[in-house]
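Where a number appears in this text, it was derived from the coordinates with a stated rule and is not lab data. From a predicted model like this one, the values you see are computed outputs, not experimental measurements. Every residue, glycine as well, gets a Cβ built from its backbone with ideal geometry; the counts of neighbours run over all protein chains shown.
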Amino acid sequence: MLQHLPIHATKQGQGAYINPARPNHEAIGDHPTLPDGVERDGFLRIFREVAKSLLQLSNAEINTFYTIASRTRPRDWKDPKTEPCCYNRQCDLARDEQTSRWSMARHEKRLVQKGLIDKRTMASGQRAGFVGCGLFLSKAIALYPTMLAYKQQLTEQAKHHGRLCTERSIHKGHCKAALAELAAANQSCPELDALTEAFSEWPDARQLRAMPFDQLKSHVYEADQLTRSVLSLLQKTLEMHHGGSINAPPYIQDTTKESIFVCSQKVTRTDCKQSDYIKRDTPEGASTCLDKQHNFSSERHQNEYHTKLGGSGLYDLCSANMQMYLAARMGSRLEPTPHDIECAAHAILPELGIHSSAWTEACQAMGPALAAICVILTDARTDDPVSPVREAGGYLRALTRTHKRGELNIIGSLIGLSERRARERTPH
């Protein structure tokens, strides 16, 4: 949850009156200045981003401060011996802002109360530089570290907010696909009706983006629990119909035994061979919600690679770190579901240094199920003893580009990873 940083403001009313006979009213000692690399305009950009939520200022008050600050000398913001000061008359500022003088006076009073400006005038209300009268902004400069820290909090919260939206889209894809398959099986029971009704009440992607962070976090947790319940009901139903587990035999066998690997043309796009080292790329771009891009077909809950390898087969191919994420989701279950694998792959992205846009691009190009497999392969390549990947995000993007060209050989890569895991388990 975003925590508001403390702001120490002194309520000073309309400002201080200055005696013209004593024009030198600068405080003893140096005035606060902006840090190296930050100029007045950079300060104003950050101020605009945080003023409304941090200082509870209106748009009109923010514009007034911007007008006042823009009429100061930029060098005064960097010189500890001088204070940035606006000497313009109140009526002139009101004219420039296209507002009334009374509104400008109200805005100035509000900025004084918030500790952003120090208003010093003569008894008549006049402002003149030669007697040290005007609107001084040293207090605003002193607040810059607080505003910068708050902006960083906003940035981090926006990242977490986007990640939660993406996680909810994973739950939605699996939940909707499983409900569709249960409906196709003509299953009608109070439990299914209750689950379907709960799913229908989920907010759409647009509402999700506007949802407060704490509320969104709670909703994503509830969506995860509902999806687990739907998938559990589907598995029980299918086992009842087929008289056994729905998991097919593993496609890649234990390589500690003598095995024969057969590549299926329905799965591979090129001849079966282990993928070569792929050139690194730098992650860039912004994250977007995947609700509209995800495939909500009835096959979403059971992808082809999970069917061929089995949940335990995929688990054995994962790194120890990825297995930890999977184990946290599996609980007492013996093997992960495709839902578990996608959620774990999404959860490990920050640890691998993969930008959310790389995941989004992969999901849009090849679907979340195959994107999760690519994350498993990427994670495994980061500690490859022969040619480790230094930029995991770039490697995932390279896999996506290879898929778009129709050259991605997932089965070959999985076979190569299986052989590597077998060598690692074999005592030297």
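Summary table below
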| read-out | value |
| --- | --- |
| Qualifying residue in region 178-197 (condition: under 27 Å from the mean Cα position of the chain (by Cα), surrounded by 14 or more Cβ atoms within 10 Å (Cβ to Cβ) and part of a helix (DSSP H, G or I)) | no |
| Residues of region 27-85 classified as small (Gly, Ala, Ser) and not in a helix (DSSP H, G or I), total | 4 |
| Number of the condition not met by residue 134 [criteria: (1) surrounded by 19 or more Cβ atoms within 10 Å (Cβ to Cβ); (2) over 35 Å from the mean Cα position of the chain (by Cα); (3) in contact (Cβ under 8 Å) with a residue 60 or more places away in the chain] | (3) |
| Close pairs (7 angstrom Cβ cut-off, 6 or more residues apart or separate chains): in contact (Cβ under 8 Å) with a residue 12 or more places away in the chain in region 57-69, outside any helix (DSSP H, G or I) and of a type in the set (A, V, I, L, M) anywhere | 65/116; 68/117; 68/135; 69/137 |
